[in-house]
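S.K.: A single structure is presented below for examination.
The values are calculated or read from the model by the stated rules, or taken from the named source; none is laboratory data. Given the structure is predicted, the values throughout are model-derived calculations rather than measurements. All Cβ positions, glycine included, derive from the backbone under ideal geometry; neighbour counts span all protein chains shown. Quick note on the areas: whole protein, heavy atoms, side chains included, nothing else; ligands and nucleic acids left out. Shrake-Rupley method; radii C 1.70, N 1.55, O 1.52, S 1.80 Å.
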Amino acid sequence: MLRLIFSVLTGLFGAALLHLVIILALPHYTGKDAQTRVLAEGDPNRFYLLSAHNDDAGLANSDPFLRTAVCAFDLEDNPVRFTAKGNVPFWSIAVYDGASNEVFSMNDRTSVGGALDVLVATPIQLTGLRKSLPAELQPTILVEMSHSQGYAVLRTLAPQASFDEAARSFLAGAGCEAYAPAD
């Protein structure tokens, strides 16, 4: 009986200690999620090119053969349209919600004519757009996202130094803009 009581007390003490450590460590990890880091890059609805070294937000492009840009967005008022054109050997985009769950991804092989043209919207916004789809959105891929906040990661391949300028130009010209249909 004494062993049982000792085991129960040891378990309770261990659980209390573990919870205390977790609570004290929580401030260290708060604000280090991907959404917070992308938001720290700057204004929303704009792609930011990442360098090979950690920036102030703690983001970096660690692959020497890829160039990467990130964009935070909020669908509260308007959908967001992602666009890019250029002569690069490969590109890919991934859209994540605020909890870093991947909502959508594609690359140049699955795009229309090799150009990026994606519109991300809430279910209500998408329903409104589909009722009378504007002509400029006919070739656009429409993506539904239930959360209003998110971010996108756009990557392009630069396998040799001679591809670097085209890759950087592709990312610099990429659009991550709120879309408001013309009335």
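S.K.: Just to be sure, is VAL88 modelled with pLDDT of 95 or more and in the same structural domain as TYR48 (by the TED database)? Full working, then the answer.
M.R.: On the way: modelled with pLDDT of 95 or more: no; in the same structural domain as TYR48 (by the TED database): yes.
Criteria not met by VAL88.
S.K.: Determine which single condition PRO134 fails, assuming it passes every other condition in (1) in contact (Cβ under 8 Å) with a residue 40 or more places away in the chain; (2) open to solvent by less than 20 Å² (accessible area, probe 1.4 Å).
M.R.: (2)
S.K.: Same structure, new question: For residues that are touching a strand residue (DSSP E or B) at 6+ places or on another chain (Cβ under 6 Å) and among the aliphatic types (A, V, I, L, M), scanning just the range 94-105, find the one that is most open to solvent (accessible area, probe 1.4 Å).
M.R.: Narrowing the range 94-105 to residues touching a strand residue (DSSP E or B) at 6+ places or on another chain (Cβ under 6 Å): 94-98, 102-105.
Then keep just the ones that are among the aliphatic types (A, V, I, L, M); that gives 94-95, 103.
Details: ALA94: 8, VAL95: 0, VAL103: 53 Å².
Checked the range 94-105; the qualifying residue most open to solvent (accessible area, probe 1.4 Å) is VAL103.
S.K.: Additional query: Looking at PRO64, PRO89, which is the one that is part of a loop (DSSP other than H, G, I, E, B), out of contact with any Lys or Arg (no Cβ under 6 Å at 6 or more places or on another chain) and surrounded by 12 or more Cβ atoms within 10 Å (Cβ to Cβ)?
M.R.: Values: PRO64 fails: surrounded by 12 or more Cβ atoms within 10 Å (Cβ to Cβ).
Going through PRO64, PRO89 in turn, just one is part of a loop (DSSP other than H, G, I, E, B), out of contact with any Lys or Arg (no Cβ under 6 Å at 6 or more places or on another chain) and surrounded by 12 or more Cβ atoms within 10 Å (Cβ to Cβ): PRO89.
S.K.: All but one of (1) farther than 22 Å from CYS176 by Cβ; (2) open to solvent by less than 50 Å² (accessible area, probe 1.4 Å); (3) in a loop (DSSP other than H, G, I, E, B) hold for HIS53, so report the exception by its number.
M.R.: In the conditions (1) farther than 22 Å from CYS176 by Cβ; (2) open to solvent by less than 50 Å² (accessible area, probe 1.4 Å); (3) in a loop (DSSP other than H, G, I, E, B), HIS53 misses (2) alone.
S.K.: Does VAL8 count as surrounded by 10 or more Cβ atoms within 10 Å (Cβ to Cβ), under 30 Å from PRO159 (Cβ atoms) and of a type in the set (Val, Ile, Thr)? Talk me through it step by step, then tell me what you get.
M.R.: Details: surrounded by 10 or more Cβ atoms within 10 Å (Cβ to Cβ): yes; under 30 Å from PRO159 (Cβ atoms): no; of a type in the set (Val, Ile, Thr): yes.
Considered against the rule, which asks whether it is surrounded by 10 or more Cβ atoms within 10 Å (Cβ to Cβ), under 30 Å from PRO159 (Cβ atoms) and of a type in the set (Val, Ile, Thr), VAL8 comes out as no.
S.K.: Still on this structure, I have one more. With the structure loaded, tell me whether ALA180 is under 14 Å from the mean Cα position of the chain (by Cα) and not in a helix (DSSP H, G or I) or whether it fails that test.
M.R.: On the way: under 14 Å from the mean Cα position of the chain (by Cα): no; not in a helix (DSSP H, G or I): yes.
No.
S.K.: Restricted to the range 98-116, and to residues that are among the polar types (S, T, N, Q) and in a loop (DSSP other than H, G, I, E, B), which residue is nearest to ALA84 (Cα to Cα)?
M.R.: Step one: of the range 98-116, the residues among the polar types (S, T, N, Q) are 100-101, 105, 107, 110-111.
From what's left, in a loop (DSSP other than H, G, I, E, B): 100-101, 111.
Values: SER100: 23, ASN101: 23, SER111: 11 Å.
Among those that are among the polar types (S, T, N, Q) and in a loop (DSSP other than H, G, I, E, B), it is SER111.
S.K.: When both residues are 6+ apart or on different chains and their Cβ atoms are under 9 Å apart, which pairs have a first residue that lies in the range 157-177 and is surrounded by fewer than 13 Cβ atoms within 10 Å (Cβ to Cβ), and a second that is polar (S, T, N, Q) and modelled with pLDDT of 90 or more?
M.R.: Once the first residue is surrounded by fewer than 13 Cβ atoms within 10 Å (Cβ to Cβ) and sits in the range 157-177, its partners that are polar (S, T, N, Q) and modelled with pLDDT of 90 or more give GLY173/THR83.
S.K.: Here are some residues: ALA69, ALA99, ALA40. Which one is farther than 30 Å from LEU129 by Cβ and in the same structural domain as TYR151 (by the TED database)?
M.R.: The conditions single out ALA40.
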